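The next block holds one structure in the form of structure tokens; read it before the comments.
What follows draws every value from the coordinates through simple rules; no lab data is involved. Owing to the predicted nature of the structure, the values given are computational and were not obtained by experimental measurement. Positions of Cβ are backbone-derived with ideal geometry, glycine not excepted, and every protein chain shown enters the neighbour counts.
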Amino acid sequence: MPRLALTALVFACTLLTGCDMITGALGIESPEKVAALREAEGKAIGGACRHAGRAIEDCYGLNKKADKAAMFAGWRDMNDYMRENKIEAVAPQLSTQLANAGAKAAAAEAEGAKAEAAKAGAATEKSVPKATEGAKPRSRTAAKAHDS
């Protein structure tokens, strides 16, 4: 009986090792599949960069983890396709969105700085008595303190 169970177990294991559904369910991917996915992703990125009118160097800089050879192949394929079909490049929206976001962040930062300056100015106005009009400074060093 144990010999029959052992034989059945060995037989089942040999059947399951070749099953792609089991390896896929366990999250184990073959190196060939991973390489094919990386190449397809690189070609898609390169084609999208060319369609957006980006230089290949900019594409490399924006997508550091992608395969450069695949990105170039995709960029070149899209370039040929666009020339054959007389398709113009589409202006990239990313730089416009980044510029708008940067301007909004700078405006928010400036508002925050103004609010802090107003609070600091209000605090110093309370602690320093106001000078009357036409009054002269008490000493020469007090008048030149801001110049140093």
Report summary line: Expected sort for D67, D58 with the fewest Cβ neighbours (10 Å cutoff) up front is D58, D67
Report summary line: By Cβ neighbour count within 10 Å, fewest first, Y60, Y81 rank Y81, Y60
Query raised in the report: What ranking, highest mean first, results for peptides 71-80, 36-45, 84-93 when packing means the other Cβ atoms within 10 Å averaged over each residue?
Result: 71-80, 36-45, 84-93
